[in-house]
Amino acid sequence: MLLVACSGSSTDEQAPHEWPSDAHAADGQFPDGAQGDGSDSGEADSHTGEPDATAGDAPDDASEDDVSEDVASDGDAAEAPDAGPLFYKNVVLDESGDPDCNRFGSAYYLYLPDQVRKDGQAVGGRVLGFTSTDLVNWTSLGEVFNNVDEAYGGNQTIGLWAPEVLSYGGKYYLYYVNVMSGGAHPEVGNKDIVVIESDDPADFHGGTGRKVLLDDDYAFIDPSPYQDPVTDALYLVFKRRGVFGTGSELRIRPLATPTAFGGSATTLIESQDVPDSLSIVEHPQLWRQGNLYYLLFSRGQGDRPTYAIAYATSKSVTGPYVQRGVLFGSDSNLTTNLAKKVIAPGASSIVRDGSGATWMVYRQKKTAEVTFADRGVCIDPIEVRPAEHAILGSPTKGVLLPGPVPL
């Protein structure tokens, strides 16, 4: 989904599930020299690419029963629709992980990765699902997929990262990273991009056509499917990571079908060209509005306050892209009042609410500690302005604000 979607972090240290037995971007600030030639129409919903489409780690003490129960929002939500306007306060969903959010039909679907262990050993991962009609109040679907015992090629499956879902042709396609033992470098490991098909966005257990799309001795991670709303062409955007410390890049590759490539890859962004990236760029998402494509991505180390959501623009889906800077960054002075401090926003998705307004669904850290175990799902409104080659918006936390218009 070029843009929109939240996904599991490529640098996740997942919180285990035991298997049974920079400053904010300022509103109104635009890059120097930005010129207008766009319109405010034509945006696509998450992954679908259709204008106006009706389109995680669990806590350390989570149990299989925990994730099958309804999950109430941790934000301050409105009462029933007839009780007045909806309000929210971040964090809206206290589930760790990097989210992927989509609007399918009359509901939003949110997906988070979760580590699975057996007898204390990592044996794979699973995808937790949630649904909502307002982005504030979420209902748990429990586990919608797992890759336990999915090992192949002589390697052992030890995790699952970055789940994202594409709606196409009446089917749903789950893309994820199969994390395995082995690989050419111990700090990179063996990570492949896999896709599986289902008739139901709430259940991929019985999915068919499982296929490894990208297999390498190093790491292909953070898959993000995208359907161009202008041409209907399908693409997969993903991260390519080399030997630890040598940098990373974001690539795009055309898909002939949701499960097969139809051409070669093009590099969109290289970490060496991104300020303060610390050699890491990840979680790519595409969004088109007016005559521009927006490439959103996270940069930096995801377990630290230096992590941020940046973006770039292009008139062509395959680039070249011009970097426009940081959209969502951390607050300064992270020593006091952390309940209201924005910390390490990342893993962005974009969806529309019931009025057509655009909202960012993403994750923040709840502490300034160096850990992946303290993430939560957040939402905030954004305004996409093709005429200025810009996206406006500010991340928030711990503040009660007017919420989305429900579907």
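The values are calculated or read from the model by the stated rules, or taken from the named source; none is laboratory data. Given the structure is predicted, the values throughout are model-derived calculations rather than measurements. Ideal geometry is used to build each Cβ from the backbone, glycine not excepted, and the neighbour counts take in all protein chains shown.
Here are some notes:
- Matching entry among Gly125, Gly120 (being crowded, with 23+ Cβ neighbours inside 10 Å and within 24 Å of Gly182 (Cα to Cα)): Gly125
- The single condition among (1) surrounded by fewer than 17 Cβ atoms within 10 Å (Cβ to Cβ); (2) part of a loop (DSSP other than H, G, I, E, B) that Ser330 does not meet is (1).
- Leu236 vs. criteria part of a loop (DSSP other than H, G, I, E, B) and of a type in the set (A, V, I, L, M): no
- Segment 208-223, residues that are surrounded by 22 or more Cβ atoms within 10 Å (Cβ to Cβ) and at pLDDT below 90: Ala219
- Count of segment 146-166 residues, restricted to those that are within 16 Å of Asp98 (Cα to Cα) and not small (Gly, Ala, Ser), is 5.
- The residues of segment 297-327 that are under 19 Å from Ser394 (Cα atoms), of a type outside the set (Val, Ile, Thr) and outside any loop (DSSP other than H, G, I, E, B), listed by number, are Phe297, Ser298, Arg299, Ala308, Ala310, Tyr311, Ala312, Gln323, Arg324, Gly325, Leu327.
- Per this entry, Gly354 is counted among residues that are in contact with a Leu (Cβ under 6 Å, 6 or more places away or on another chain) and at pLDDT 95 or above.
To keep it simple, each residue is scored yes or no on (1) crowded, with 22+ Cβ neighbours inside 10 Å; (2) more than 16 Å from Tyr294 (Cα to Cα).
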residue: Val326; (1), (2): no, no
residue: Leu338; (1), (2): no, yes
residue: Ala344; (1), (2): yes, yes
residue: Ser348; (1), (2): yes, no
residue: Asp353; (1), (2): no, yes
residue: Arg385; (1), (2): no, no
residue: Leu392; (1), (2): no, no
residue: Gly398; (1), (2): no, yes
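- Comparison of Ala344, Ala310 shows that the only residue that is under 15 Å from the mean Cα position of the chain (by Cα) and at positive phi is Ala344.
- Selection within segment 87-140 - part of a strand (DSSP E or B), more than 30 Å from Gly169 (Cβ to Cβ), touching a Lys or Arg at 6+ places or on another chain (Cβ under 9 Å) and not hydroxyl-bearing (Ser, Thr, Tyr): Gln115, Val116, Val123
- Extreme residue, surrounded by the fewest Cβ atoms within 10 Å (Cβ to Cβ), among residues of segment 141-153 that are part of a loop (DSSP other than H, G, I, E, B) and of a type in the set (Gly, Ala, Ser): Gly153
- Among residues of segment 365-384 that are of a type in the set (Phe, Trp, Tyr), those with a Cβ under 6 angstrom from a residue that is buried (at least 18 other Cβ atoms within 10 Å of the Cβ), sequence gap 6+ or separate chain, pair up as Phe372/Asp12; Phe372/Asp303.
- Figure legend. Inter-residue proximity from segment 249-273: first residues over 21 Å from Gly170 (Cα atoms), second residues of a type in the set (Phe, Trp, Tyr) and surrounded by 17 or more Cβ atoms within 10 Å (Cβ to Cβ), beta-carbon distance below 7 Å, spacing 6+ or different chains. Indicated pairs: Leu250/Phe297; Arg251/Phe238; Ile252/Tyr235; Arg253/Tyr235; Leu268/Tyr321; Ile269/Phe297; Ile269/Tyr321.
- Residue that is surrounded by the most Cβ atoms within 10 Å (Cβ to Cβ), among those in segment 368-383 that are within 16 Å of Arg304 (Cα to Cα) and among the charged types (D, E, K, R): Arg375
- Subset of segment 162-184 (residues that are more than 17 Å from Gly129 (Cβ to Cβ) and of a type outside the set (Phe, Trp, Tyr)): Gly169, Gly170, Val177, Asn178, Val179, Met180, Ser181, Gly182, Gly183, Ala184
- Counted residues, segment 243-258 - those being of a type outside the set (A, V, I, L, M, F, W, C) and surrounded by fewer than 17 Cβ atoms within 10 Å (Cβ to Cβ): 3
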